[in-house]
Amino acid sequence: MSQSRLGHSVESFARVAVGLSDADLGSPLSGPMSERDRWRHYDSSRRELYFHVYQELRELAVDIGNARVATAPSTTAQRVLAQHHVAWRDVTGALAGVGDEELDREPAEGEWPLRTVFEHLMGAELGFLLQIEWAIARRDSGEPFPVPMPREGEALRRYNAIDVSGSLADILGRYDALHREIIAYCAPLSDADLDTPSVWWEEYTIPVRFRMQRWDAHLREHTIQVDKTLAGIGHAAREAERLVRLIHGALGECEGALIGAPESLPERQSAVSATIDDRTAILARREAGPG
């Protein structure tokens, strides 16, 4: 799953949008919408532009879902991955207004800073992927299975290579690469693949589907931890940050619906991307308001 034009458009909007103050949000737009724009009567303030983007994405997610029912229905694996992807976009949205200087602040003595939370998340998600890959490869090899994955060799090397150094953008870039690796491997899995048993620390067999569902649940668990950590270090999300988080979630629904069929409704995707690009340009014109 490569970064789409839609994703680039939303991220460009978010970079401009996340920094606006409450006063900026309430200030009037610097010019009217085109007469051809269906949002032209919803342009009283910059705040409305966030909801333009949010609703466009939510509508697109519905349209993609409807189109796929008729053309390329989502598989079980793809629907599970879509749930995980929405969770992924929620945590990236939660961090949209976070600065690098906040990465290593402990919310309380002995509690994890954000950098440690992401080291744990990336380690767990890679661990789940390695277990899934091992179980399916072992099944297809004709060798006895299920057996636990060895705690050595290539799998251990990959696990030990997890890197959360550098800036928040650096960390999220590596996490994004891992997330896309997960989708690329798991999206083609069949229902029979999801039934494949695997053995890990539990010491009893668990199907691959359970491990895939754990990505979503585990990420949600630690997104709550991220929220609590931000509160603990005194980072109170401003309204613009909250709005950008909603937009990230809506983007996640679109991208999740596209897993397994990324070219669904290409013209609609392009049209929504263009609309978001227009909103980014409008939002960047701040001459008419304070700030």
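The values are calculated or read from the model by the stated rules, or taken from the named source; none is laboratory data. Quick caveat, the model's predicted, so the values are computed rather than measured. No Cβ is skipped: glycine too gets one built from the backbone with ideal geometry, and neighbour counts run over all protein chains shown. Heavy atoms of the whole protein, side chains included, go into the accessibility calculation; ligands, DNA and RNA do not. Shrake-Rupley method; radii C 1.70, N 1.55, O 1.52, S 1.80 Å.
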Which of rounded, prolate or oblate describes the range 164-248 when judged by the alpha-carbon gyration tensor and an a/c cut-off of 1.5? prolate
Taking square-rooted eigenvalues a ≥ b ≥ c of the alpha carbon gyration tensor, is the range 51-117 rounded, prolate or oblate, where a/c under 1.5 means rounded and, failing that, a/b exceeding b/c means prolate? oblate
Shape box of the range 35-74 [Cα atoms, principal axes, largest first, Å]: 40, 20, 7
Contour excess over end-to-end distance, with Cα ends at residue 195 and residue 8 and 0.36 nm allotted per residue: 63.7 nm
How big is Rg to Rh over the range 160-212, alpha-carbon atoms, Rh as the Kirkwood inverse-mean-distance radius? 1.12
In the range 171-291, carbon and sulfur make up what percent of the accessible area (probe 1.4 Å)? 57 percent
Calculated from DSSP helices alone, with each H run of at least 4 adding -39500 (n - 2.57) and the total divided by the residues of the chain, [θ]222 nm to the nearest 500 comes to -21500 deg cm²/dmol
If the chain between residue 169 and residue 274 were fully stretched, how many nm would it gain, using 0.36 nm times the residue separation less the Cα-Cα distance? 35.3 nm
Could you go through the range 263-271 in sequence order and give the Karplus-derived ³J(HN,Hα) for each residue, using 6.51 cos²θ - 1.76 cosθ + 1.60 with θ = phi - 60°, rounded to whole Hz, and x for Gly and Pro? 8, 4, 6, x, 5, 5, 4, 5, 5
Under Stokes-Einstein, with the Kirkwood radius over Cα pairs standing in for Rh, what whole-number D in µm²/s applies to the range 107-207 at 4 °C and 1.567 mPa s? 85 µm²/s
Tell me, in nm to one decimal, what length is gained between residue 62 and residue 47 on full extension, where the rule is 0.36 nm per residue of separation less the Cα-Cα distance? 3.0 nm
Built amide H within the under 5 Å cut-off of residue 198, gap 5+: 206, 208
Placing each pseudo-label 7 Å from Cα in the direction of the beta carbon, residue 55 and residue 143 end up separated by a distance in nanometres of 5.8 nm
Relative to the compact globular guide of 2.2 N^0.38 Å, what is the alpha carbon radius of gyration of the range 8-160, as a ratio? 1.52
Carbon and sulfur: what percent of the range 1-150's accessible surface (1.4 Å probe)? 52 percent
Mind ranking 239-251, 107-119, 159-171 by how tightly packed they are, going by the mean number of other C-beta atoms within 10 angstrom, highest first? 239-251, 107-119, 159-171
Taking only protein heavy atoms into account and a 1.4 Å probe, give the accessible area per residue of the range 183-291 in Å². 47 Å²
Report the Stokes-Einstein translational diffusion coefficient (µm² s⁻¹, integer) for the chain, Rh taken as the Kirkwood radius over Cα pairs, at 37 °C with viscosity 0.692 mPa s. 159 µm²/s
Which of rounded, prolate or oblate describes the range 14-104 when judged by the alpha-carbon gyration tensor and an a/c cut-off of 1.5? oblate
log₁₀ of I(q)/I(0) at q = 0.11, 0.15, 0.25, 0.28 Å⁻¹ - the range 82-152, Debye sum with one point per alpha carbon: -0.47, -0.71, -1.14, -1.25
Rounded accessible area per residue of the range 1-113, 1.4 Å, Å²: 48 Å²
What nm distance separates the two modelled labels at residue 206 and residue 38, each placed 7 Å from Cα along Cα→Cβ? 4.4 nm
